[in-house]
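Colleague: The structure that follows is given in the form of structure tokens.
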Amino acid sequence: MSHVIVVGGGIVGLATAARLAARGDRVTVLDKEDGLARHQTGRNSGVIHSGLYYPEGSLKARMATAGARSMAAFAAEHGVPVQVCGKLVVATEESELPGLHKLAARAAANKVPARLLDPAQVRAYEPQVRAVAALRVESTGIVDYAGVCRVLAGQIEAAGGRILLGEAMLAARTVGARVQVRTSVTDREADGLVVCGGLHADRLARASGLNPAARIVPFRGEYYGLSETAAELVHGLIYPVPDPRFPFLGVHLTRGIDGHVHAGPNAVLALAREGYTWGKVSARDVGDALSWPGLWRMGARNWRPGAAEVLRSLSPAAFARSLSRLVPGITADDLVPAPAGVRAQAVRRDGGLVDDFLVQTAPGQVHVLNAPSPAATAALEIAAHLVGELDRVLPGTAVRRPPSAGRRWR
């Protein structure tokens with residue numbers, strides 16, 4: 001039995017800790033907040049993704065496809081609200097049809113259950129949607145991810161693990177066969193360390209003696225709710241065909257597990273790693289972002305769609321126009337402000353966004369440097385992978401490897 005410290009009280013950290021505890025390891029979970037799932041896990045749209053968008057054979061594709069099943073089954077088994085409702089990816093004009101057909105081909109390659117619909121078939125699902133065609137994706141669902149986290153936390157504690165809130169990891173180092181962890185409360189020691197640091201993943205890796213292969217750049221995703229009248233226009237989940245020039249999916253409409261319709265998110269550079277509003281500014285975080293060459297290179301490639309995202313952020317009317325392309329009749333008066341989220345996006349020095357999951361290891365340590373969507377969907381699969389990575393770097397469990405320079409999980 002090993003003692004493992006897991007840093008991060010989001011869904012990936014908790015799923016990893018629960019898996020370790022279930023096999024008999026002694027687990028201590030640390031999180032700097034006073035509650036669980038306070039950042040990416042608790043601020044997303046609650047969608048269980050299908051694996052539709054990811055390259056064939058990639059770990060994202062395989063894990064999301066498996067996660068669509070495992071997350072829905074886990075939630076149902078433990079009484080967490082969940083519904084496998086499917087979604088529509090809608091082409092609103094002829095020019096979007098090639099992109100829609102590419103998605104259909106990718107769905108087939110990834111074994112995602114999906115089929116193309118004509119306008120009449122679309123109206124059977126969503127009478128108010130404007131579409132020349134759509135892709136119906138059957139395995140997409142909605143779930144209460146915070147509720148999943150509460151179940152995982154209960155499993156950890158039932159197995160004898162501890163969850164220590166209000167305790168931030170500051171630094172770590174491996175000394176011999178032990179990992180020494182300095183926190184905001186005390187010094188701790190364990191056999192192994194797994195860091196699921198989200199928005200602060202690269203900093204925690206550097207503070208642990210690693211050289212991160214990418215830097216976290218925070219993108220705020222802003223949401224609105226729809227008024228009761230406008231919400232009646234939306235039955236389920238309605239997505240646009242993604243713009244291939246931009247790495248995000250575009251604003252969409254989601255009837256959540258709570259019955260309310262959420263609109264968004266857009267994607268704008270946040271001025272703080274926990275910058276949920278324009279008014280939250282961190283000089284350190286802004287300096288980190290602006291000093292990274294990758295941000296400037298990424299901006300040069302994506303300035304046009306990026307400018308459209310900023311406009312949507314500053315103008316509810318522009319936000320509503322994007323939604324009305326999918327469902328005509330939605331106006332700025334129908335938008336009700338809702339809490340925003342911040343995506344921890346890893347960006348390489350060359351400006352490339354790390355699209356796949358990214359992990360780096362050192363003796364006794366595993367650091368998750370990039371786990372964007374669909375990480376919540378695939379959390380149980382990611383947890384299994386991280387436990388395997390930890391076993392390979394713990395003394396006496398397998399052949400030891402030198403610290404990695406950053407590996408995509410393929």
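The values are calculated or read from the model by the stated rules, or taken from the named source; none is laboratory data. Only a predicted model underlies this, so the values are computations on that prediction, with no experimental measurement involved. For neighbour counting, all protein chains shown are included, and Cβ atoms are generated from backbone atoms with ideal geometry for every residue, glycine included.
Colleague: Within segment 42-59, how many residues are within 22 Å of G264 (Cβ to Cβ) and part of a helix (DSSP H, G or I)?
Modeller: Count: 2.
Colleague: If A133 passes every condition in (1) buried (at least 20 other Cβ atoms within 10 Å of the Cβ); (2) over 22 Å from the mean Cα position of the chain (by Cα); (3) touching a residue at least 60 places away in the same chain (Cβ under 8 Å) but one, which one does it miss?
Modeller: Answer for A133: the failing condition is (3).
Colleague: If the Cβ limit is 7 Å and pairs must be 6+ apart or interchain, which residue in segment 326-354 that is closer than 30 Å to A201 by Cα pairs with which residue that is basic (K, R) and surrounded by fewer than 17 Cβ atoms within 10 Å (Cβ to Cβ)?
Modeller: Sorted first by the residue in segment 326-354, then by its partner, the pairs are D350/R297; G351/R297; G351/R301.
Colleague: Kindly indicate whether K87 is surrounded by fewer than 19 Cβ atoms within 10 Å (Cβ to Cβ) and either modelled with pLDDT under 95 or of a type in the set (K, R) (or both).
Modeller: In short, no.
Colleague: Answer with yes or no whether P244 is under 17 Å from the mean Cα position of the chain (by Cα) and at pLDDT below 95.
Modeller: On the way: under 17 Å from the mean Cα position of the chain (by Cα): no; at pLDDT below 95: yes.
So P244 does not fit the description; no.
Colleague: Considering R162, R173, which residue is under 20 Å from R19 (Cβ atoms), in the same structural domain as N370 (by TED's automatic domain parsing) and either more than 25 Å from the chain's Cα centre (by Cα) or at pLDDT 95 or above (or both)?
Modeller: Details: R173 fails: under 20 Å from R19 (Cβ atoms).
The match here is R162.
Colleague: Just checking, how many residues over segment 154-191 are over 21 Å from A205 (Cβ atoms), surrounded by 18 or more Cβ atoms within 10 Å (Cβ to Cβ) and of a type in the set (G, A, S)?
Modeller: 1
Colleague: Take L59 and tell me if it is in contact (Cβ under 8 Å) with a residue 40 or more places away in the chain, within 17 Å of the chain's Cα centre (by Cα), more than 19 Å from L14 (Cβ to Cβ) and not assigned by TED's automatic domain parsing to the domain that holds S184.
Modeller: Details: in contact (Cβ under 8 Å) with a residue 40 or more places away in the chain: yes; within 17 Å of the chain's Cα centre (by Cα): yes; more than 19 Å from L14 (Cβ to Cβ): yes; not assigned by TED's automatic domain parsing to the domain that holds S184: yes.
Spelling it out, L59 is indeed in contact (Cβ under 8 Å) with a residue 40 or more places away in the chain, within 17 Å of the chain's Cα centre (by Cα), more than 19 Å from L14 (Cβ to Cβ) and not assigned by TED's automatic domain parsing to the domain that holds S184.
Colleague: When you check R206 against the structure, is it within 22 Å of S2 (Cα to Cα) and among the basic types (K, R), yes or no?
Modeller: Numbers: within 22 Å of S2 (Cα to Cα): no; among the basic types (K, R): yes.
Taking the combined requirement at face value, the residue does not satisfy it.
Colleague: As an exercise: evaluate D25 against (1) free of Cβ contacts under 8 Å to residues at least 40 places away in the same chain; (2) of a type outside the set (S, T, Y); (3) outside the structural domain of R182 (by TED's automatic domain parsing); (4) farther than 30 Å from G259 by Cα and give the number of the one condition it does not meet.
Modeller: (3)
Colleague: What is the one condition in (1) within 19 Å of Y54 (Cα to Cα); (2) free of Cβ contacts under 8 Å to residues at least 12 places away in the same chain that G154 does not satisfy?
Modeller: (1)
Colleague: Quick one: in segment 306-346, of everything that is of a type in the set (G, A, S) and within 15 Å of R130 (Cβ to Cβ), which residue is farthest from the chain's Cα centre (by Cα)? Before you say what the answer is, go through the steps one by one.
Modeller: Start the filter on segment 306-346 by keeping residues that are of a type in the set (G, A, S), which leaves 306-308, 313, 315, 317-318, 320, 322, 324, 329, 332, 338, 340-341, 344, 346.
Going one step further and asking which of them are within 15 Å of R130 (Cβ to Cβ), we end up with 320, 322, 324, 329.
On the way: A320: 24, S322: 23, S324: 26, G329: 30 Å.
Within segment 306-346, the match that is farthest from the chain's Cα centre (by Cα) is G329.
Colleague: Do we find a residue being over 17 Å from R150 (Cα atoms), modelled with pLDDT of 95 or more, touching a Pro at 6+ places or on another chain (Cβ under 9 Å) and not hydrophobic (A, V, I, L, M, F, W, C) anywhere in segment 28-48?
Modeller: No, there is no match, as no residue in segment 28-48 is over 17 Å from R150 (Cα atoms), modelled with pLDDT of 95 or more, touching a Pro at 6+ places or on another chain (Cβ under 9 Å) and not hydrophobic (A, V, I, L, M, F, W, C).
Colleague: From A73, A107, grab the single residue that is surrounded by fewer than 19 Cβ atoms within 10 Å (Cβ to Cβ), modelled with pLDDT of 95 or more and at negative phi. Please lay out each step first, then the result.
Modeller: Values: A107 fails: surrounded by fewer than 19 Cβ atoms within 10 Å (Cβ to Cβ).
Result of the check over A73, A107: A73.
Colleague: Scan segment 89-105 and tell me whether some residue there is farther than 19 Å from A383 by Cβ, among the aliphatic types (A, V, I, L, M), in contact with a Phe, Trp or Tyr (Cβ under 6 Å, 6 or more places away or on another chain) and not assigned by TED's automatic domain parsing to the domain that holds R162. Write out each step before concluding.
Modeller: Quick first cut of segment 89-105, residues farther than 19 Å from A383 by Cβ only: 89-105.
Okay, now just the ones that are also among the aliphatic types (A, V, I, L, M), so 89-91, 97, 100, 103-105.
Then keep just the ones that are in contact with a Phe, Trp or Tyr (Cβ under 6 Å, 6 or more places away or on another chain); that gives 89.
Next, from what is left, pick out any that are not assigned by TED's automatic domain parsing to the domain that holds R162: 89.
Within segment 89-105, one or more residues are farther than 19 Å from A383 by Cβ, among the aliphatic types (A, V, I, L, M), in contact with a Phe, Trp or Tyr (Cβ under 6 Å, 6 or more places away or on another chain) and not assigned by TED's automatic domain parsing to the domain that holds R162.
Colleague: Let me ask something else. Please specify each residue of segment 19-33 satisfying the condition of being of a type in the set (V, I, T) and either assigned to a loop (DSSP other than H, G, I, E, B) or touching a helix residue (DSSP H, G or I) at 6+ places or on another chain (Cβ under 6 Å) (or both). Explain how you work it out, then say what you get.
Modeller: Step one: filter segment 19-33 for residues of a type in the set (V, I, T), giving 27-29.
Passing the criteria: V27, V29.
Colleague: Could I ask something else about it? Those residues that are of a type in the set (S, T, N, Q), buried (at least 21 other Cβ atoms within 10 Å of the Cβ) and part of a loop (DSSP other than H, G, I, E, B), I need them from segment 226-271; list them, please. Before the answer, list the steps.
Modeller: Going residue by residue through segment 226-271, those that are of a type in the set (S, T, N, Q) are 227, 229, 254, 266.
Next, from what is left, pick out any that are buried (at least 21 other Cβ atoms within 10 Å of the Cβ): 254, 266.
Within segment 226-271, N266 is the sole residue that qualifies.
Colleague: Another question, if that's okay. Return the residue satisfying two criteria in turn: it lies in segment 54-63 and is out of contact with any strand residue (DSSP E or B) (no Cβ under 9 Å at 6 or more places or on another chain) and hydrophobic (A, V, I, L, M, F, W, C), and of such residues it is surrounded by the fewest Cβ atoms within 10 Å (Cβ to Cβ).
Modeller: A61
Colleague: On to the next question. Any residue at all in segment 283-304 that's crowded, with 18+ Cβ neighbours inside 10 Å, in the same structural domain as D258 (by TED's automatic domain parsing) and within 29 Å of A134 (Cβ to Cβ)?
Modeller: yes
Colleague: Let me ask something additional. Can you spot a residue in segment 387-410 that is at pLDDT 90 or above, within 17 Å of S58 (Cβ to Cβ), crowded, with 21+ Cβ neighbours inside 10 Å and touching a Lys or Arg at 6+ places or on another chain (Cβ under 8 Å)? If you could, list the steps in order and put the result at the bottom.
Modeller: Of the residues in segment 387-410, the ones at pLDDT 90 or above are 387-394.
Among the residues that remain, those that are also within 17 Å of S58 (Cβ to Cβ) are: none.
Checking segment 387-410: not a single residue is at pLDDT 90 or above, within 17 Å of S58 (Cβ to Cβ), crowded, with 21+ Cβ neighbours inside 10 Å and touching a Lys or Arg at 6+ places or on another chain (Cβ under 8 Å).
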